[in-house]
1. Nearest 10 degrees, 0 to 90: what angle lies between the long axis of helix A:154-167 and the longest principal axis of chain A (Cα atoms)?
2. For A:V11, list long-range residues whose amide hydrogen, built 1.01 Å from N in the peptide plane, is under 5 Å from its own amide hydrogen.
3. Please return the longest range in chain B lying between exposed loop sites, taking chymotrypsin sites (Phe, Trp or Tyr not before Pro), DSSP loop only, at most 14 other beta-carbon atoms within 10 Å, and leaving the sites out.
4. Kirkwood hydrodynamic radius, the stretch B:48-277, all distinct C-alpha pairs: what's the number in Å?
5. Net charge within 13 Å of B:E57 by Cβ-Cβ distance, Lys/Arg positive one each and Asp/Glu negative one each, not counting B:E57 itself?
6. Over what distance in Å are the Cα centres of the stretch B:22-85 and the stretch A:83-97 separated?
7. Could you work out which residue, out of B:A208, B:A171, B:A21, moves most in a Gaussian network model of chain B, that is, has the largest mean-square fluctuation with Cα springs under 10 Å?
8. PRE reach from A:R150 (point 7 Å along Cα→Cβ): which of the stretch B:172-207 fall under 15 Å by backbone N?
Amino acid sequence: MTSESDNILHVKNLSAFYGENKVLKEVDMAVKKKKITAIIGPSGCGKTTLIRCFNRLFETVSNTSLKGEILYRKQSIFSYDPTLLRKEIGMVFQRPNPFPTMNIYNNVIAGYRLNGRRLRKSESDRMVEETLKKVALWDEVKGVLFRSPRELSGGQQQRLCIARTIAVSPRVILMDEPCAALDPISTAKIEELMLELKRDYTIIIVTHNMQQAARISDLTAFLMLGELVEFGETDQIFTSPKNKRTEEYITGRFG
Amino acid sequence: MKMNLQKISDRIATAAIYIMALVTVLPLFLVVGYIVFYGFKHLSFELITRNPAPVGEEGGGVLNGIVGSGIILMISMAIGIPIGLLGGLYLADSPDGKWKHIIRLSVEILQGIPSIVIGIIGYILIVLPMHRFSAVAGGVALSMIMLPIIVVSTEEVLRMVPVELREAGIALGMPRWRVNLFVVLRTGLGGVISGILLSLSRVAGETAPLLFTALGSQFFSFKLDRPIAALPLQIFNYSISPYPEWHSLGFAASFLLLIGILAINIITRTVIERMNYKNG
């Protein structure tokens with residue numbers, strides 16, 4: 001069941017530094033294809049840093065450094081051209097961040113337009129419709145495609161950002177607390193969407209919300225102070241954690 | 001009794017603030033009022049359609065000055081805008097380091113250099129090697145005044161663009177230069193353009209740097225390598241002349257310059273508003 005070939009990302013002995021400050025400590029984990037992996041842990045434990053390493057966004061911040069190895073489809077991500085890697089490993093951010101200077105339509109195909117790739121009208125029309133349908137936004141926005149994304153609600157904007165991410169057809173979607181800025185109904189919609197997307201994509205989600213991790217994820221990683229404390233099947237982590245610290249965190253004794 | 005005292009001091013403070021505000025805007029109204037009063041009555045169609053008349057002759061205009069100012073400003077924009085934008089982008093985007101420190105320091109120093117000194121630099125850099133006063137020399141001098149204004153305003157505007165948008169671009173697999181140009185610069189474009197227009201209205205009235213560079217001319221000219229007329233220079237020459245009819249021309253020309261700069265400022269405001277509401 002856990003064969004090597006199911007692993008799309010393989011983190012080996014990864015440490016990350018902000019200057020002298022070690023924010024990730026020798027993390028080892030394997031991310032399975034077409035599963036939802038949740039990363040949980042108290043604030044400042046390195047959850048976001050970890051997923052920002054996967055698409056090499058971490059390195060774009062000055063004064064940072066990495067040690068260790070990350071394999072994407074058995075090849076080191078550091079041997080990839082970062083811009084190509086990021087088309088394979090997309091990212092959705094904590095706060096919805098559609099491009100304010102573009103209308104909804106162009107936001108969906110921003111990954112093409114902003115990279116200078118011209119699409120034929122029929123092609124982009126089809127892509128916009130298909131992608132917006134995938135994120136269950138089409139019915140809500142089909143009449144206002146050429147309006148500003150700022151006219152949408154936060155939840156709609158976030159689904160638009162997910163659409164923008166999957167429009168370039170990545171294999172992996174990184175989500176950095178995608179529901180942190182949303183109300184419960186919008187959150188429920190995004191969770192539903194993630195379960196849909198799991199059929200085609202590998203999803204790695206950072207979340208503060210343990211119920212969310214329990215509800216949607218197949219695997220859960222528990223990080224604390226930059227250390228991967230426990231990593232396993234979500235059911236097992238939440239029902240019978242092996243590590244005492246995991247148990248304490250999950251039962252709400254700290255964090 | 002105590003209540004009364006509070007009321008009185010409140011009144012006094014309020015009055016003081018109003019008086020201060022009045023004192024602040026008074027010079028503006030005096031200058032503008034004076035120019036409008038003396039300039040407006042000498043306005044004529046001739047002013048913008050004819051070149052200066054020889055001494056003693058009635059009439060004449062400042063067409064050559066308007067065209068000359070236009071040409072000099074074009075040259076200064078052609079130099080100042082690209083360098084200024086790149087400088088602003090560099091300062092906003094790159095990590096702190098020695099180079100950034102040096103560039104920022106240079107920009108600050110450049111901003112503080114008196115405009116007459118900029119004129120002398122233009123004279124040494126362009127006029128001496130070319131052995132000639134020229135429109136290009138004037139444009140270069142003015143671009144040196146524009147440059148730091150554009151760099152600073154561009155950097156400030158680009159810094160205000162949320163980092164989330166920059167990262168959204170990077171996460172979509174955009175190379176950094178594309179992110180800078182098509183996400184960051186595009187998002188802050190309204191502010192960047194208004195910075196450019198402000199720098200333009202600032203240098204449009206500069207006289208001192210042109211004295212040693214463009215020199216001024218009584219004649220109509222499009223030649224970039226020859227001395228060229230400019231509106232502020234004409235105002236200067238007219239107003240120090242002993243002839244009353246030239247004085248009135250000077251006032252009329254001042255009025256024109258004022259209108260021009262006002263127009264740039266109004267355009268700036270319109271651009272800012274447009275950019276804030278329009279979505280492409």
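Bear in mind that the values in this text are calculations on the coordinates, not laboratory data. As the structure is a prediction and not an experimental result, all values here were calculated from the model. Ideal geometry is used to build each Cβ from the backbone, glycine not excepted, and the neighbour counts take in all protein chains shown.
1. With both axes taken from Cα atoms, the answer is about 90 degrees.
2. A:M29, A:A30, A:V31, A:L71
3. Value returned for the longest uninterrupted segment is B:1-218.
4. This gives a value of 19.0 Å.
5. Numbers: positive: B:R50; negative: B:E46, B:E58, B:E245.
Once all neighbours under 13 Å are counted, the net charge is -2.
6. About 53 Å separates the Cα centre of the stretch B:22-85 from the one of the stretch A:83-97.
7. Highest fluctuation of the listed residues: B:A21.
8. B:186-192
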